[in-house]
Amino acid sequence: MGNIGSGEVLVILVLGLLVLGPERLPEFARKIGNFIKEARRMSRSFQEELRNAVEDPDIEMKARAQGALLSQEQNSNDEPENQSS
């Protein structure tokens, strides 16, 4: 639950009880729980998609080829400068 300790949770619950009242507190807690569950699901989905994209061999091969091409271009641009000096 992050860096929240049991004492802090107790303070939050007491404040929630005072602000919302005993009738609305369970409904509000349910809504917060659903929101957290949905946020975690979205985060897991995003991480999974990102991991799949990074581990895709076709994408990796294209990226390596592009990196090699850029490296060759940079080396060929550096050579005339070194020769003229």
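Give the residue list of GluC sites (Glu not before Pro) in segment 17-52 that are DSSP loop and have at most 16 other beta-carbon atoms within 10 angstrom.
For GluC sites (Glu not before Pro) across segment 17-52 that sit outside H, G, I, E and B with at most 16 neighbouring Cβ atoms in 10 Å, the list is empty.
Could you give the angle, 0 to 90 degrees to the nearest 10, between helix 6-54's Cα long axis and the longest principal axis of the Cα atoms of the chain?
That helix lies at roughly 20 degrees to the long axis.
Calculate, in nm to one decimal, what Lys62 and Asp78 gain on full extension: separation in residues at 0.36 nm each, minus their alpha carbon distance.
Full extension of this stretch gives 3.3 nm more.
Apply the a/c threshold of 1.5 to the C-alpha gyration tensor of segment 1-44 and tell me whether it is rounded, prolate or oblate.
oblate
Semi-axes of the equivalent ellipsoid of the chain: what are they in whole Å, largest first, if each equals the square root of 5 times a C-alpha gyration tensor eigenvalue?
Result for the chain: semi-axes of 57, 18, 9 Å.
Computed from the coordinates by the stated procedures, all read-outs in this text should not be read as laboratory data. Note that the structure is predicted; figures quoted are calculated from it, not measured. Counting neighbours? That spans all protein chains shown, and the Cβs are built from the backbone with ideal geometry, glycine included.
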